[in-house]
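The values are calculated or read from the model by the stated rules, or taken from the named source; none is laboratory data. Keep in mind the model is a prediction, meaning the values are calculated, not measured. Cβ sites come from the backbone with ideal geometry, for glycine too, and all protein chains shown count toward neighbours.
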Amino acid sequence: MDLTFFERVNQHFDRLSDSEKFLLRYIQDHISDMPKISIVRLSEKANVSTATIVRTMKKLGYDGFTSFKIRLKDEHQLSPEFSVVEKVDNKIKEAILKNEQEVSKTIQMLDRGTIEDVLQKIIYARKIVLFARGFSELIAKEMTIKFQLAGKYCEMHDDPNIIKTMSKRIQKQDVVLLISLNGYTEELVEAAKNCKANGVSTITLTANRESPIYALSELALVGYKSKVSYFPDYEVRSRLPLQVMARIILDAYAIRTRE
């Protein structure tokens, strides 16, 4: 049976430092305040560092301060002030589940045959040209660096005017990789049109099968995008599906070129 907070304190008290003992006395004297207090606020109130709080909690057998509050909630189920901990805990679980779904469903949606076709295109291309905008640029930059480290000639462009101009000059021996979460980015759509008109192969990473970029692309990998956004006022949706697909392509490329 798990020990209660007070039992853990009694068990470890003699082995704690003076600052850790002071912290625990403060917590015991203000136990009803713990559900609503943050680690930073507790640090200010108890006049100890946040590192001391984390270290003390780990000595008592908790993973951290929030883990301690969750266990405390279980010990005080009938106390209304502890219900806020359960609400926060459930919200964090929702956030974790959202990310888990984006990863697992993206992997489930990927077609192995398409991945193999993408790899063959990349392996036999003279060079890879990546186009991306916004937060997707970070993924494109990572892919560029890793392809270069693997010995593949690769370049990346994120300036809208350069993307529009460069896409008209790409040769048929090259392959273009477009990264766009929603598939509607204007300059990337134009780039896809230019490539298609010039017979240049395009590979797209997106989370929208109904987008114009998907329709224009020779090959496309589509990931799962959750409808939940914790930043609803801004277009900063999670790029996790794109990151998963990018990582799979990079790992698979490394495997293929070492065989």
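Could you pull out the residue among Glu102, Glu20 that is of a type in the set (Asp, Glu), buried (at least 16 other Cβ atoms within 10 Å of the Cβ), modelled with pLDDT of 85 or more and under 30 Å from Val244 (Cβ atoms)?
After applying the criteria, what remains is Glu102.
Which pairs do you get when a residue that is of a type in the set (S, T, N, Q), found in region 209-227, comes within reach of a residue that is assigned to a loop (DSSP other than H, G, I, E, B), reach meaning Cβ atoms under 6 angstrom, with the pair 6+ apart or on two chains?
Filtered contacts from region 209-227: Ser211/Gly183; Ser211/Tyr184.
So which residues in region 140-157 are within 21 Å of the chain's Cα centre (by Cα) and charged (D, E, K, R)?
Within region 140-157, Lys141, Glu142, Lys146 meet the criteria.
Each row is one residue, and each column tells you yes or no for (1) modelled with pLDDT of 75 or more; (2) closer than 18 Å to His30 by Cβ; (3) assigned by TED's automatic domain parsing to the domain that holds Ser226.
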{"residue": "Met57", "(1), (2), (3)": "yes, yes, no"}
{"residue": "Leu60", "(1), (2), (3)": "yes, yes, no"}
{"residue": "Ser67", "(1), (2), (3)": "yes, no, no"}
{"residue": "Glu75", "(1), (2), (3)": "no, yes, no"}
{"residue": "Ser79", "(1), (2), (3)": "no, yes, no"}
{"residue": "Val84", "(1), (2), (3)": "no, yes, no"}
{"residue": "Ile92", "(1), (2), (3)": "no, no, no"}
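When you check Ser167 against the structure, is it over 18 Å from Met109 (Cα atoms) and surrounded by 22 or more Cβ atoms within 10 Å (Cβ to Cβ), yes or no?
Yes; evaluated as a whole, the condition is true for this residue.
Give the residues of region 118-133 that are touching a residue at least 60 places away in the same chain (Cβ under 8 Å) and surrounded by 15 or more Cβ atoms within 10 Å (Cβ to Cβ), sorted by residue number.
Of everything in region 118-133, those that are touching a residue at least 60 places away in the same chain (Cβ under 8 Å) and surrounded by 15 or more Cβ atoms within 10 Å (Cβ to Cβ) turn out to be Val118, Leu119, Lys121, Ile122, Ala125, Phe131.
For the condition in contact (Cβ under 8 Å) with a residue 24 or more places away in the chain and over 22 Å from Glu116 (Cα atoms), what is the one hit in Ser167, Ser180, Ser201?
The match here is Ser167.
Where residues in region 1-59 are charged (D, E, K, R) and touching a residue at least 40 places away in the same chain (Cβ under 8 Å), which of them is nearest to Ile70 (Cα to Cα)?
Lys36
Which ranges mark the helices (runs of 4 or more DSSP H) fully within region 117-212 that have 2 or more residues being assigned by TED's automatic domain parsing to the domain that holds Leu240 and within 20 Å of Ala254 (Cα to Cα)?
Hits in region 117-212: 136-149.
Considering each of Ile96, Ile123, Ile115 in turn, give the residue that is closer than 29 Å to Met245 by Cα, modelled with pLDDT of 90 or more and under 24 Å from the mean Cα position of the chain (by Cα).
Ile115
Here is a list of conditions, (1) over 16 Å from Asp111 (Cβ atoms); (2) modelled with pLDDT under 95, and Ala207 meets all of them except one; can you say which number that is?
Status for Ala207: all satisfied but (1).
Within region 33-56, count every residue that is within 23 Å of Glu7 (Cβ to Cβ) and out of contact with any Ser or Thr (no Cβ under 7 Å at 6 or more places or on another chain).
9
Mind listing whichever residues of region 27-43 are within 37 Å of the chain's Cα centre (by Cα) and either on the phi > 0 side of the Ramachandran plot or in a helix (DSSP H, G or I) (or both)?
Matches in region 27-43: Ile27, Ile31, Ser32, Asp33, Met34, Pro35, Lys36, Ile39, Val40, Arg41, Leu42, Ser43.
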